[in-house]
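Have a look at the structure below before the remarks.
The values are calculated or read from the model by the stated rules, or taken from the named source; none is laboratory data. None of these values were measured; they are calculated from a predicted model. Cβ placement follows ideal geometry from the backbone for every residue including glycine, while neighbour counts extend to all protein chains displayed.
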Amino acid sequence: MLLCLARNPGMVLREVALKVGITERATQKIIKDLVDSQVLERYRVGRCNSYRINLDLPLRHPLEQQHTVGQLLSMMLSAEEMGRARSRGKAKT
């Protein structure tokens, strides 16, 4: 889910659910958990939600807390995609 939103922060939840292969309801619950834990920040663009990933936040599992969300995503995103995700993370609205 984070990969989808890192690549396209304006992706609607229905599209995320289809890409990930889970229900839209399950997607909503996961997104809510990520927003509540401050991994994601939700903001409005017109009538739609868009998402910003907190790349500097440590991972939640005690065995992985020395690593950040950004380090995890950097293993799966291209350098260009990571650069875009980083620039969106710094531009607060």
ask   = How about region 46-90: which of its residues are of a type in the set (A, V, I, L, M, F, W, C) and either under 18 Å from MET11 (Cβ atoms) or exposed (fewer than 14 other Cβ atoms within 10 Å of the Cβ) (or both)?
value = CYS48, ILE53, LEU55, LEU63, VAL69, LEU73, MET75, MET76, LEU77, ALA79, MET82, ALA85
remark   = Pairing a residue in region 16-29 that is assigned to a helix (DSSP H, G or I) with any residue that is hydroxyl-bearing (Ser, Thr, Tyr) and surrounded by fewer than 14 Cβ atoms within 10 Å (Cβ to Cβ), where Cβ atoms lie under 7 Å and the two sit 6 or more apart in sequence or on different chains, gives ALA17/THR23
query = Looking only at region 12-32, which residues are at pLDDT below 95 and of a type in the set (Ser, Thr, Tyr)?
reply = none
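Specify the residue that is farthest from the chain's Cα centre (by Cα); the eligible residues are those in region 33-50 that are in a loop (DSSP other than H, G, I, E, B) and at pLDDT 90 or above.
Applying the first criterion (in a loop (DSSP other than H, G, I, E, B)) to region 33-50 yields 37-39, 46-47.
Cutting the leftovers down to at pLDDT 90 or above gives us 37-39.
Values: SER37: 12, GLN38: 10, VAL39: 7 Å.
Ranking the qualifying residues of region 33-50, first place goes to SER37.
Going through ILE22, ILE30, ILE53 one at a time, which residue ends up being within 11 Å of the chain's Cα centre (by Cα) and more than 19 Å from ALA85 (Cα to Cα)? Reasoning before the result, please.
Details: ILE22 fails: within 11 Å of the chain's Cα centre (by Cα); ILE53 fails: more than 19 Å from ALA85 (Cα to Cα).
Just a single option satisfies the conditions, and that option is ILE30.
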